[in-house]
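S.K.: Got a structure for you, questions after.
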Amino acid sequence: LVTDLQAILTSYMRHGYLRAHIADRQVRRSEDKVYILIRIEEGEPTTVAGVGVHGLRAASAEGMHLSLKRDQPADPFKLEDDRRKILAKLADLGYWEASVKAKMILYGDRAIALFDVVEGNPVRVDTVEVIGLQNVARSVALRHVRSRPGEILRLRDILDSQTLLLQSGIFLDAQWDTSAVDTVTHTIDLSFRVRERRLHWVEGGVGVNSQEQ
């Protein structure tokens, strides 16, 4: 029941009813059945009056295709989605030190979504490692990784590398880790943790005989 009540409120919030709450709930049991009465106070829907992004220099907010738009429902879940979109875009440009704080300011039935961005500095690759190798040579695994030491680390290169590792047919899983950021030298140690597939060998041969050549 608690989960269902939260799901109801979440649905209201996604449509801009930020003040909706459960006013009352009653559970009545009669023989082998249970009757549930839920009383909700919706409040007035809140719409977006504007979206502001501050501190963004490396990219434009227009190119990020943010979900929150003027005169649409003020959805706090879209606010978090947009915050992650900004972080992902900055990571694609090499700004792995970036941080984004998001908040929604309410006044009446209108809201302003604000994103405060601290970009930091572009980050370059220090080392690239593939962890979990057993039968596959390290040089073979690294052939499928696009990022190289000394280059700006871009999110799309990491995702492409992950796809190449999985499409190679050698690995069952490939998870990347970019947590080792050095904020002094602005470098990062990129690693992929892999699980190898079980390899099968096929032997064959070709021959001719003296009669048919």
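The values are calculated or read from the model by the stated rules, or taken from the named source; none is laboratory data. Note that this is a predicted model, so its numbers are computed, not measured. When we count neighbours, we look across all protein chains shown, and the Cβ atoms used for this are built from the backbone with ideal geometry, even at glycine. Quick note on the areas: whole protein, heavy atoms, side chains included, nothing else; ligands and nucleic acids left out. Shrake-Rupley method; radii C 1.70, N 1.55, O 1.52, S 1.80 Å.
S.K.: How much length is gained if the chain between Asp116 and Arg156 is pulled fully straight, taking 0.36 nm per residue apart and subtracting their Cα-Cα distance, in nm to one decimal? Intermediate values should be presented prior to the final figure.
M.R.: On the way: separation 40, 0.36 × 40 = 14.40 nm, distance 2.38 nm.
Stretched fully, the Asp116-Arg156 segment lengthens by 12.0 nm.
S.K.: For the pair Asn209 and Gln175, what calculated FRET efficiency results from E = 1/(1 + (r/R0)^6), where r is the Cβ-Cβ distance and R0 = 45 Å, to the nearest 0.05? Write out the running numbers ahead of the final one.
M.R.: Numbers: r = 53 Å, r/R0 = 1.18.
About 0.25, to the nearest 0.05.
S.K.: For Val181, what accessible surface area do you get with a 1.4 Å probe? Give it in Å², rounded to 10.
M.R.: Number for this one is 50 Å².
S.K.: Sticking with this structure for a sec: Per 5 Å bin, what percent of the C-alpha pairs of the chain does each bin hold, from zero upward?
M.R.: Here the calculated profile for the chain is 1, 6, 11, 11, 10, 9, 9, 9, 9, 7, 6, 4, 3, 2, 1, 1, 1, 1, 0, 0.
S.K.: With the full set of protein chains in place, find how many percent of the accessible area of region 1-104 is carbon and sulfur; take the probe as 1.4 Å.
M.R.: Carbon-and-sulfur percentage of accessible area, whole number: 49.
S.K.: Let me ask another. On a full-extension model of 0.36 nm per residue, what is the gain between Glu44 and Lys69, subtracting their alpha-carbon distance, rounded to one decimal in nm? It would help to have the intermediate numbers written out before the result.
M.R.: On the way: separation 25, 0.36 × 25 = 9.00 nm, distance 1.86 nm.
Gain in length upon complete extension: 7.1 nm.
S.K.: Quick one: 3J(HN,Hα) in Hz for region 25-32, Karplus 6.51/-1.76/1.60 with θ = phi - 60°, rounded, Gly and Pro as x.
M.R.: Once θ is set to phi - 60°, the couplings for region 25-32 become 9, 10, 10, 10, 9, 9, 6, 9 Hz.
S.K.: Additional query: Please give the contour-minus-distance gain from Thr163 to Ile36: 0.36 nm per residue of separation, less the Cα-Cα distance, rounded to one decimal in nm.
M.R.: In short, 40.9 nm is gained.
S.K.: Using r as the Cβ-Cβ distance of Glu62 and Arg195, and R0 as 45 Å, what FRET efficiency do you calculate, to the nearest 0.05?
M.R.: Rounded to the nearest 0.05, the efficiency is 0.65.
S.K.: Out of the GluC sites (Glu not before Pro) in region 173-213, which ones are loop residues according to DSSP with at most 12 other C-beta atoms within 10 Å?
M.R.: Of the GluC sites (Glu not before Pro), the ones in loops of region 173-213 whose Cβ has at most 12 other Cβ atoms within 10 Å are Glu203, Glu212.
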